[in-house]
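Visitor: Sharing a structure with you now.
The values are calculated or read from the model by the stated rules, or taken from the named source; none is laboratory data. This structure is a prediction, so every number in the text was calculated from the model and none was measured. Cβ: placed from backbone, ideal geometry, glycine included. Neighbour counts: every protein chain shown. What goes into the accessible areas is simple: the full protein's heavy atoms, side chains included, and nothing from ligands, DNA or RNA. Shrake-Rupley method; radii C 1.70, N 1.55, O 1.52, S 1.80 Å.
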Amino acid sequence: LKPGDLLLNKMSNSREFSGAFLAAVKLGIIPVLVHSMLSASELKNILEQAQPRLVFTETAVCEPVRELRRAGLLKDVVCAGEAAPGEISFASLFEPSGPSVSTADTAADEPAFIVYTSGTTGKPKGIVHAHRWIVALGDLNRHRLPPQKNDVVMATGEWSFISALGHNLLFPLRNCVTGAILNGRASPENVLRSIEKHRVTILYSVATVYRRLLGMPNFEKKYDLGSLRCAHATGEALREATYHEWKNRVGAELYEHYGVSEYQLVIGHGVQHTVKPGSVGKGLPGVRVAILDDDFKPVPSGELGQFAISTKDPGLFLGYYKDRERTEAVVRHGWYFTGDLAYQDAEGYFYIAGRRDDCFKSRGIFISPTEIE
């Protein structure tokens, strides 16, 4: 493999995943992240577009890869666990192989990794991020929630999603704290056992998981959650009732934040401002965002508009892989349009009202189903 080659990673969260990802970035090879549970047909669409030189997988989720290999659609496979004939065993990569390899001399704006959407509802998108991303977003994360020496960070999502990749794997490493891996499904019992076992101090998850936890009678008394100093919710609206019940029962602060795969965390509650339940927080330093009307002009405070991120932001993606048309559809007039509608209140807090495609206009006014609900 040489710098610029693509390496596909179809693995669950693990030390092997982190090793493959970090080694590739070190060498200037571009890791392509896909969900570990993709079927052969879903994976086939991505392989045809990305054409990776090598695929990393693991025994538990390898069958779709092996099916495509038998069909002649890919050649070289590294398998963690029990490798099949013709595959490379991940363990064999740790055997002495000569002198160390130097880090590739990459530029800040060169592609570093690609995150793929699943493609279950249409053509999959390969979101290309640059090497500068780790500085832009890693330092933003450090500002929003300054790390503490004893921090242990855990996320319940797969690292194939950029939110969990950053918060659980890359930001802890950049900011010199420990990341804990959740083994297995994010069931309420597994999440709680893992918090207790690893003495997790910072938890990242989605609103649905918090609601499932709160649906368990007396879970806060059955498990030792005393290590938690805060938790974070993203991916969907948290709702004020969920926030208040969590605070009353667990005590640890619950921060809500908003992000997109083309960036990562864009806006989020943190230690800098008082939490305002229902909102996703105030703007963060250096992150230029706007709420715009159909003429690309800022809307007044309190009015719904299209939520956009400045294309000058170093954390923003480089584009969709081999899909210029789709990239140009969302990058216009110096802004990346997220597809979400939002508004900002008089105190500067942002609220996400839902997807633009889900909303409708009545008498020239955007109406959001989320707001009505």
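Visitor: Here's a check for you: in the range 88-106, which residue that is open to solvent by less than 80 Å² (accessible area, probe 1.4 Å) and within 16 Å of ASP5 (Cα to Cα) is farthest from the chain's Cα centre (by Cα)?
Guide: Step by step, filter the range 88-106, then rank; the result is ALA104.
Visitor: Pick from the range 216-236 the residues that are open to solvent by 40 Å² or more (accessible area, probe 1.4 Å) and touching a strand residue (DSSP E or B) at 6+ places or on another chain (Cβ under 9 Å): which of them is farthest from LEU145 (Cα to Cα)?
Guide: Looking at the filtered set, the residue picked out is GLU236.
Visitor: Check whether at least one residue in the range 312-319 is open to solvent by less than 50 Å² (accessible area, probe 1.4 Å), under 20 Å from the mean Cα position of the chain (by Cα) and without any contact (Cβ under 8 Å) to a residue 60 or more places away in the chain, and report yes or no.
Guide: Yes; the residues of the range 312-319 include at least one that is open to solvent by less than 50 Å² (accessible area, probe 1.4 Å), under 20 Å from the mean Cα position of the chain (by Cα) and without any contact (Cβ under 8 Å) to a residue 60 or more places away in the chain.
Visitor: Can you name every residue in the range 216-255 that is at pLDDT below 95 and closer than 20 Å to PRO285 by Cβ?
Guide: Of everything in the range 216-255, just one residue is at pLDDT below 95 and closer than 20 Å to PRO285 by Cβ, namely THR234.
Visitor: Right, here's the next one. Quick one: which helices (runs of 4 or more DSSP H) sit completely within the range 1-89 and have at least 1 residues that are farther than 29 Å from ALA108 by Cα?
Guide: Correct list: 40-50, 63-70.
Visitor: Ok, one more. When ASP109 is evaluated against the numbered criteria (1) open to solvent by less than 60 Å² (accessible area, probe 1.4 Å); (2) in a loop (DSSP other than H, G, I, E, B); (3) touching a strand residue (DSSP E or B) at 6+ places or on another chain (Cβ under 6 Å), which criterion, by number, is the only one it fails?
Guide: All conditions pass for ASP109, except number (1).
Visitor: Going through the range 1-32 one residue at a time, which ones are open to solvent by 10 Å² or more (accessible area, probe 1.4 Å) and basic (Lys, Arg)?
Guide: Hits for the range 1-32 are LYS2, ARG15, LYS26.
Visitor: Please enumerate the residues belonging to the range 166-179 that are open to solvent by less than 60 Å² (accessible area, probe 1.4 Å) and either in a strand (DSSP E or B) or of a type in the set (S, T, N, Q) (or both).
Guide: Listed by number, the residues that qualify are ASN168, ASN175, GLY179.
Visitor: Being small (Gly, Ala, Ser) and touching a Phe, Trp or Tyr at 6+ places or on another chain (Cβ under 9 Å) narrows it down to one of ALA252, ALA207, ALA241, so name that one.
Guide: The unique qualifying residue is ALA252.
Visitor: So which residues in the range 38-84 are buried (at least 18 other Cβ atoms within 10 Å of the Cβ), farther than 18 Å from SER12 by Cβ and among the small types (Gly, Ala, Ser)?
Guide: Within the range 38-84, just ALA50 meets the criteria.
Visitor: Hey, another quick one. Scan the range 299-311 residue by residue and report those that are open to solvent by 40 Å² or more (accessible area, probe 1.4 Å) and modelled with pLDDT of 95 or more.
Guide: Selection gives THR311 alone.
Visitor: Among the residues in the range 130-151, are any touching a residue at least 12 places away in the same chain (Cβ under 8 Å), open to solvent by less than 20 Å² (accessible area, probe 1.4 Å) and part of a strand (DSSP E or B)?
Guide: Yes: the range 130-151 contains one or more residues that are touching a residue at least 12 places away in the same chain (Cβ under 8 Å), open to solvent by less than 20 Å² (accessible area, probe 1.4 Å) and part of a strand (DSSP E or B).
Visitor: Is it true that PRO285 is free of Cβ contacts under 8 Å to residues at least 24 places away in the same chain, open to solvent by 20 Å² or more (accessible area, probe 1.4 Å) and not β-branched (Val, Ile, Thr)?
Guide: no
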